[in-house]
Structures are given as C-alpha cells and as structure tokens.
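Heads up, the thing below is written out as structure tokens.
The values are calculated or read from the model by the stated rules, or taken from the named source; none is laboratory data. Everything quoted here is computed from the prediction, not taken from an experiment. Positions of Cβ are backbone-derived with ideal geometry, glycine not excepted, and every protein chain shown enters the neighbour counts.
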Amino acid sequence: MMNWSIAKKLSGVALTLIGLAVVVDIMIAVFIGRGAIAAETAGCYLTDAMLVGFHCQGFWASGIVSAWLNLPTWGIYGLIFAPYSFKAALLAVLVWLPVAVFIVASRKVAQHA
C-alpha cells in the first residue's frame, strides 16, 4: 500500500524545485542575457542555438546546476520531440511525473481525510 501523503510531499518538493528553476531561468534571461561568458568566468548564461537552454561553467557543480536549470525546458521540448526520440520521451515523463503524482496523491489524501 502506498503512503499518499509522503508521495504528495515528495512530488511537492520536486515541483518546488522545478518552479524555482523557472524563476532562476527568468532571472538569468533578464539580468545576464544570452551568449557565452568568458572562459575564466564562473556563472550561468542563456544559450539560443536552435533551442533555448542554459549552460553553466567555472564551478564544481556546473553540470548539476545546468541540468536543474534546463528541467523546465526539457518538459516542453520533451513533449514536442517525444515522437522522434526515446530520450526526449523519457525526459518528458521524468519532468511531468511529479505533476501527475501530486495530483493523484492530493486526491487520495483528500479522500481519506
């Protein structure tokens, strides 16, 4: 038996992280802009080569931060390119799964309350 209240809390945390990524993405787009930064500089910037994305460099967690910043874009691009790519379909499922779990868990918790 699944504990729906724990599933709701965990999916809520995931949705909060994705929402925070959207806020940081907007801040990067507004305050830093697009285009590569100097090689010796640490930070993140917006890329727009074919598709919009975010890239970070110059610090030890740059790969993890880049992946986190691109979660919202993967949610959109994954849906668009899912029919053509298994990887895109998998990314779309991983990004949208917390939304589905949160909705189902919220309804289950409300039924048992």
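Worth pointing out:
- In segment 1-42, the residues that are outside any helix (DSSP H, G or I) and either of a type in the set (Gly, Ala, Ser) or under 20 Å from GLY75 (Cα atoms) (or both): GLY33, GLY35, ALA36, ALA38, ALA39, ALA42
- For GLY78: the one exception among (1) small (Gly, Ala, Ser); (2) at pLDDT 90 or above; (3) over 26 Å from ALA105 (Cβ atoms): (3)
- LEU97 exposed (fewer than 13 other Cβ atoms within 10 Å of the Cβ) and in a helix (DSSP H, G or I): yes
Rundown of residues vs (1) surrounded by fewer than 16 Cβ atoms within 10 Å (Cβ to Cβ); (2) closer than 18 Å to GLY19 by Cβ, yes/no style:
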site	(1), (2)
ALA61	yes, no
LEU69	no, yes
TRP74	no, yes
ALA88	no, no
VAL101	no, yes
LYS108	no, no
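- Residues that are surrounded by 16 or more Cβ atoms within 10 Å (Cβ to Cβ) and either among the hydroxyl-bearing types (Ser, Thr, Tyr) or touching an Asp or Glu at 6+ places or on another chain (Cβ under 9 Å) (or both) within segment 8-25 comprise just one, SER11.
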